[in-house]
Amino acid sequence: QVQLVESGGGLVQPGGSLRLSCAASGSILSIYSMGWYRQAPGKQRELVAAMTSGGSTNYADSVKGRFTISRDNAKNTVYLQMNSLKPEDTAVYYCNLNRVLLPGAGPRGMDFWGEGTLVTVSP
């Protein structure tokens, strides 16, 4: 139905930057919210940032002022620009699509997760 391709993770030194991308493909009519979650070893998955189709954003307090989320609705792609990275940002980052409308899938839509991309912040 829907395929997600994540890219942009890797190893970066503290203070560095990375840009994550997540491109969705398939018979997508619309996507209400696109966002990023992360899960560090031994911790629960947490919201990093999300953006609605209307442009409203939500950020975790720990990343405000450092991370910026954006989306290209025409390409069904969401980005996460991560600046001033810290070792505590090390985690697997997951793309999330919330309330994706598909032909014949009903008005509530469906949610999808990417496979995750590893971000490691280390000297």
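General remarks:
- The slack in the chain from GLN1 to LEU102, taken as 0.36 nm per residue of separation less the alpha-carbon distance, amounts to 35.5 nm.
- Ranking ASP61, ASP111, ASP72, ASP89 by solvent-accessible area of protein heavy atoms (1.4 Å probe, all protein chains present), from largest to smallest, gives ASP61, ASP111, ASP72, ASP89.
- Largest accessible area first, the residues PHE67, PHE112 order themselves as PHE112, PHE67 under a 1.4 Å probe with ligands, DNA and RNA left out.
- The share of accessible area on the stretch 54-123 that comes from carbon and sulfur is 49 percent, using a 1.4 angstrom probe.
- Extension gain (nm, one decimal) between THR57 and ARG45, 0.36 nm per residue minus Cα-Cα: 2.5 nm
- Among ALA49, ALA40, ALA74, the residue with the largest mean-square fluctuation in a Gaussian network model of the chain, with springs joining Cα atoms closer than 10 Å, is ALA74.
The values are calculated or read from the model by the stated rules, or taken from the named source; none is laboratory data. Bear in mind that the values here come from a model prediction, so they are computed numbers and not experimental data. SASA here: full protein model, heavy atoms, side chains in, ligands and nucleic acids out. Shrake-Rupley method; radii C 1.70, N 1.55, O 1.52, S 1.80 Å.
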